[in-house]
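Colleague: Pasting in a structure now, in structure tokens, and then I'll have a few things to ask.
The values are calculated or read from the model by the stated rules, or taken from the named source; none is laboratory data. Since this is a predicted model, take the numbers as computed values, not measurements. Please note: Cβ atoms are built from the backbone with ideal geometry, for glycine as well, and neighbour counts cover all protein chains shown.
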Amino acid sequence: MKKILNGLAVIGFLLVGSAGVAVAAEEANHAAEPTHFPIHKPKEMDWTFAGPFGTFDKGQLQRGLKIYKEVCSACHSMNLVAFRTLEDLGYSEAQVKAFAAEYEVQDGPNGDGEMFTRKALPGDHFPSPFPNSAAAAAANGGAAPPDFSLIAKARGVERGFPTFVFDIFTMYASNGPDYIHALLTGYDEQPPAGMEIAEGTHYNPFFVGGKSLAMAKPLSDGQVTYEDGSPETVEQYSRDVSAFLMWAAEPHLEARKQTGFAVMIFLVLFAGLVYATKRKVWANVAH
Amino acid sequence: MSGGHSTYSPKTGIGRWIDARMPLPRLVHDSFVSYPVPRNLNYAYTFGGILSIMLVAQILTGVVLAMHYANDTTLAFQSVEKIMRDVNSGWLLRYMHSNGASFFFIAVYIHIMRGLYYGSYKAPRELLWILGCIIYLLMMATGFMGYVLPWGQMSFWGATVITGFFTAIPLVGEWVQQLLLGGFAVDNPTLNRFFALHYLLPFMIAGVVVLHVWALHVTGQTNPTGIEVKSKTDTVAFTPYATIKDGFAMVVFLAVFAYFIFYIPNFLGHPDNYIQADSLKTPAHIVPEWYYLPFYAILRAITFNIGPIDSKLGGVLAMFGSIAVLFVVPWLDTSKVRSAVYRPWYKLFFWLFVINAIFLGWLGSRPAEGAYVIMSQLATLYYFAFFLVIMPVLGLIETPRRLPNSITEAVLEKNKSGSAHPAGATAAPETRG
Ligand code: HEM
């Protein structure tokens, strides 16, 4: 009996093991013409908002907003974000009002039944650069630039086993900003010799959707002026805009972590008290 | 009630007045205060209580979310984001509800594994077990429909793939699929009916939980030894003993739950669901939520035709079969011994089953290609062999270890061989409390 069972168990393990080796071998074969994307995994960056006590760096968010406004907003909408929420970035009510007034939004119909445009108010959302997604795609070689409101949560390169298990304990939740940063700084690598890059697309080994994408390198050194003396480099721009996009996607991140700390402290103390009570209740009962 | 006749005696005039007319306080007292439970229950037995609070938590957060949610394909995604951004503590509600579903499933999986390990399904608890299986099925349906509501890419494509399974059923398949969808493809009618059902099913679960607990209170709980309660010394009163122990387990469980809500709220979700549904853009990999992955792996493992059954129908049958087989477990297990503690071989196969189930879950998240297919097939084979071959055969050929005569004997024996500490601080792992 024992022998039969042992034998069966061994056969089972051998079969599963050999299948595993086969998968590994198959993946090695794909190195020449990649079929799994991204070609490179994004680098993990240090973000001020990571970890249990993470907070946004307001200066960084303001710089990120500037990048968005001056560069990305030409193509990317951000239509779930209202101007009024920019007060989170450290702006006063008056500053937000003035900022909104630089945009025009459509409103109406008025008393005559006509639609009209007016200056945006703090309650309005960021207007889209294109009237609709078909127009956006037509203007960008067939690929519509995705909306930015949630992009920092809507992208994330798969972490793989066993990293994803460790991520629980390290509280890794920066997949989105890490990816955006990697994408924006990843244009300089040249495609390997012999790799075909489709017309109108740009090689980027960090892109999750393939080997190249319709967006050309959007940032270059010195393109945007910073008033606070931060370096005007692609690296710095990318970090700032990624952090800003994290804020846009998760505006209550700070409140979440602060509430979380209070809740965790309460639960741990409460658990201790309940455990002490439990010990007392059961003290004289063998179990 | 198994605890003999009622010990409830109301102390106040009002209490006696109510008791003579509608003895609800008596029912509560008999079920949750004086109700006798085995004295040797370990923490694996606390998950029933944990499940109960998770169900309540899901209903409470769900009802408030429903007050802000817009059930229309053009508005659903934006309304969920409005909850996340503008509703007071809306982000908290939503993260509690979405992570709550995952933790509900974590609890139910541990609860089911506890049942399989300690033989909780064996006579006279077959109906109790089957009611549990019905709860589990209802949970799966509720979770699936809930995931469609935010109307993200995975909502849409998950719904498309899963309702597509039904077309594999001969004759009525197409009709069933169209009934589910309210049309020919996932669209506004689908969203409307899923929302209505997602609101309804948790209350049906609550109803079945009442039956489940009723059945439990007729047969009484099992315990790690698998020996039935024989005398009064085998049990302790539910309150304070089980209440405080369940309470401690609940707080610890909630702490882990809170860690996910506040620090890694999107860890268990898929990034694609933060992209609004688009019927023209198919995601590269369509994956269901993690708690369905083992079944998804089983579905995709059947890549070959079996006689007249083509691979698609075969996959669907295997997937439904993998859940259906749970219902007949009480009759598949032939062992006279209930608990795995006394069944060395069953214990080994049980843990292999657990590892295999987790492995299947991982395979479900991989693309169905190359060696993953072969691994899924082997793992699927073990999944079914565990129930259909190992359970019946092992019960007949295995030599169990010596059983103690009673729960009390087992407890005292353990404490003697352990330490002098009366609470049995250094107990064997199976009975540590
Ligand atoms: C909403 C989901 C569920 C709730 C709220 C629930 C609740 C409970 C409660 C409160 C208990 C008593 C405490 C304990 O022994 O753990 C219990 C026992 C039990 N449950 Fe569940 N349950 C659920 C789902 C399930 C499922 C899916 C199964 C199995 C397929 C199941 C099988 C059992 C069995 C067999 C017992 C008796 C335990 C024993 O005495 O060994 N339950 N349940």
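Colleague: For A:PHE161, work out the one condition from (1) closer than 30 Å to B:LEU363 by Cβ; (2) at pLDDT 95 or above; (3) not β-branched (Val, Ile, Thr) it doesn't fulfil.
Modeller: Answer for A:PHE161: the failing condition is (2).
Colleague: Which of the residues spanning region A:127-140 are surrounded by 15 or more Cβ atoms within 10 Å (Cβ to Cβ) and out of contact with any strand residue (DSSP E or B) (no Cβ under 8 Å at 6 or more places or on another chain)?
Modeller: Passing the criteria: A:SER128, A:PRO129, A:PHE130, A:SER133, A:ALA136, A:ALA137, A:ASN140.
Colleague: Just for region A:162-172: of the residues that are over 14 Å from the mean Cα position of the chain (by Cα) and facing chain B (nearest Cβ under 9 Å), which one is surrounded by the fewest Cβ atoms within 10 Å (Cβ to Cβ)?
Modeller: Only one residue tops the list, namely A:PHE164.
Colleague: Among the residues of region B:264-285, how many are under 11 Å from B:TRP157 (Cβ atoms), of a type in the set (A, V, I, L, M, F, W, C) and surrounded by fewer than 18 Cβ atoms within 10 Å (Cβ to Cβ)?
Modeller: Of the residues in that region, 1 qualify.
Colleague: Any idea which of B:VAL80, B:VAL87 is at pLDDT 95 or above and assigned to a helix (DSSP H, G or I)?
Modeller: Only one candidate qualifies: B:VAL80.
Colleague: I would also like to ask the following. Here is a list: B:ARG39, B:ARG16, B:ARG21, B:ARG26. Which entry is within 14 Å of chain A (Cβ to nearest Cβ) and either of a type in the set (D, E, K, R) or away from the ligand (no atom under 16 Å from the Cβ) (or both)?
Modeller: B:ARG39
Colleague: While we're on this one: Any idea how many residues of region B:364-384 are more than 8 Å from chain A (Cβ to nearest Cβ) and either buried (at least 17 other Cβ atoms within 10 Å of the Cβ) or not in a helix (DSSP H, G or I) (or both)?
Modeller: 11
Colleague: Limited to region B:230-280, what total is found for residues that are within 10 Å of chain A (Cβ to nearest Cβ), over 21 Å from the mean Cα position of the chain (by Cα) and among the charged types (D, E, K, R)?
Modeller: The qualifying residues number 2.
Colleague: Now, a different point. The conditions are (1) free of Cβ contacts under 8 Å to residues at least 60 places away in the same chain; (2) part of a helix (DSSP H, G or I); (3) surrounded by fewer than 16 Cβ atoms within 10 Å (Cβ to Cβ), and B:MET204 fails exactly one of them. Which is it?
Modeller: It is condition (1) that B:MET204 fails.
Colleague: Quick one: what pairs do we get from region A:232-247, first residue under 15 Å from A:GLN62 (Cβ atoms), second of a type in the set (S, T, N, Q), C-beta under 6 Å, 6+ apart or different chains?
Modeller: The qualifying pairs are A:GLN236/A:SER230; A:ASP240/A:GLN60; A:ALA243/A:GLN60.
Colleague: Output the residue which, of all residues in region B:51-78 that are crowded, with 19+ Cβ neighbours inside 10 Å and small (Gly, Ala, Ser), is nearest to the ligand (Cβ to nearest atom).
Modeller: Filtering region B:51-78 for residues that are crowded, with 19+ Cβ neighbours inside 10 Å and small (Gly, Ala, Ser), the one nearest to the ligand (Cβ to nearest atom) comes out as B:GLY62.
Colleague: Suppose we keep only residues that are away from the ligand (no atom under 16 Å from the Cβ) and assigned to a loop (DSSP other than H, G, I, E, B) within region B:123-172. Which one would you say is surrounded by the fewest Cβ atoms within 10 Å (Cβ to Cβ)?
Modeller: In this case the residue turns out to be B:LEU171.
Colleague: One residue is enough: does region A:218-227 have a residue meeting the conditions in contact (Cβ under 8 Å) with a residue 24 or more places away in the chain, touching a strand residue (DSSP E or B) at 6+ places or on another chain (Cβ under 9 Å) and either within 14 Å of another protein chain (Cβ to nearest Cβ) or polar (S, T, N, Q) (or both)?
Modeller: Scanning region A:218-227, I find no residue that is in contact (Cβ under 8 Å) with a residue 24 or more places away in the chain, touching a strand residue (DSSP E or B) at 6+ places or on another chain (Cβ under 9 Å) and either within 14 Å of another protein chain (Cβ to nearest Cβ) or polar (S, T, N, Q) (or both), so the answer is no.
Colleague: Give region B:113-122 a look and list any residue that's in a helix (DSSP H, G or I) and in contact (Cβ under 8 Å) with a residue 40 or more places away in the chain, or say none.
Modeller: Listed by number, the residues that qualify are B:MET113, B:ARG114, B:LEU116, B:TYR117, B:TYR118.
Colleague: Of the residues B:GLY119, B:GLY48, which single one is at positive phi, near the ligand (Cβ under 9 Å from one of its atoms) and more than 14 Å from chain A (Cβ to nearest Cβ)?
Modeller: Just a single option satisfies the conditions, and that option is B:GLY119.
Colleague: Continuing with the same structure: Select from region B:281-301 the residues that are more than 10 Å from every other protein chain (Cβ to nearest Cβ) and in contact with a Pro (Cβ under 9 Å, 6 or more places away or on another chain) and list them in ascending order.
Modeller: B:PHE295, B:TYR296, listed by residue number.
Colleague: Exactly one of (1) crowded, with 19+ Cβ neighbours inside 10 Å; (2) within 16 Å of the ligand (Cβ to nearest atom); (3) among the acidic types (Asp, Glu) is unmet by B:GLU81. Its number?
Modeller: (2)
Colleague: Here's a follow-up. Kindly provide the set of residues from region A:245-279 that are closer than 16 Å to B:PHE260 by Cα, within 7 Å of another protein chain (Cβ to nearest Cβ) and among the polar types (S, T, N, Q), ordered by number.
Modeller: Across region A:245-279, the qualifying residue is only A:THR259.
Colleague: Same structure, new question: Out of B:PHE350, B:PHE387, I need the residue that is of a type in the set (A, V, I, L, M, F, W, C), surrounded by 19 or more Cβ atoms within 10 Å (Cβ to Cβ) and modelled with pLDDT of 95 or more. Which one?
Modeller: Just one listed residue meets the conditions, B:PHE387.
Condition check ((1) closer than 28 Å to A:VAL208 by Cβ; (2) modelled with pLDDT under 95) across all residues:
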residue	(1), (2)
A:MET1	no, yes
A:ASN6	no, yes
A:GLU27	yes, yes
A:LYS43	yes, no
A:ASP57	yes, no
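Colleague: Moving on to the next point. Can you tell me which residue among A:SER242, A:SER230, A:SER212, A:SER238 is more than 14 Å from chain B (Cβ to nearest Cβ) and exposed (fewer than 15 other Cβ atoms within 10 Å of the Cβ)?
Modeller: None of the other options fit; the residue is A:SER230.
Colleague: Among the residues of region B:77-96, which ones are more than 20 Å from A:MET78 (Cβ to Cβ) and within 28 Å of the chain's Cα centre (by Cα)?
Modeller: B:LEU92, B:LEU93, B:ARG94, B:TYR95, B:MET96
Colleague: To continue, here is another question. I'm checking my understanding of the structure. Among residues of region B:208-251 that are within 12 Å of the ligand (Cβ to nearest atom) and among the acidic types (Asp, Glu), which one is surrounded by the most Cβ atoms within 10 Å (Cβ to Cβ)?
Modeller: Ranking the qualifying residues of region B:208-251, first place goes to B:ASP246.
This table checks each residue for (1) within 12 Å of chain B (Cβ to nearest Cβ); (2) in contact with a helix residue (DSSP H, G or I) (Cβ under 6 Å, 6 or more places away or on another chain); (3) within 26 Å of A:GLY64 (Cβ to Cβ); (4) of a type in the set (Val, Ile, Thr).
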| residue | (1), (2), (3), (4) |
| --- | --- |
| A:ASP107 | no, no, no, no |
| A:THR117 | no, no, no, yes |
| A:ASN132 | no, no, no, no |
| A:ASP147 | yes, no, yes, no |
| A:GLY156 | yes, yes, yes, no |
| A:GLY160 | yes, no, no, no |
| A:ALA182 | no, no, yes, no |
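Colleague: Follow-up question, since we're still on this one. Regarding B:GLY100, is this residue within 16 Å of the ligand (Cβ to nearest atom), part of a helix (DSSP H, G or I), at pLDDT 95 or above and under 21 Å from B:VAL56 (Cα atoms)?
Modeller: Yes.
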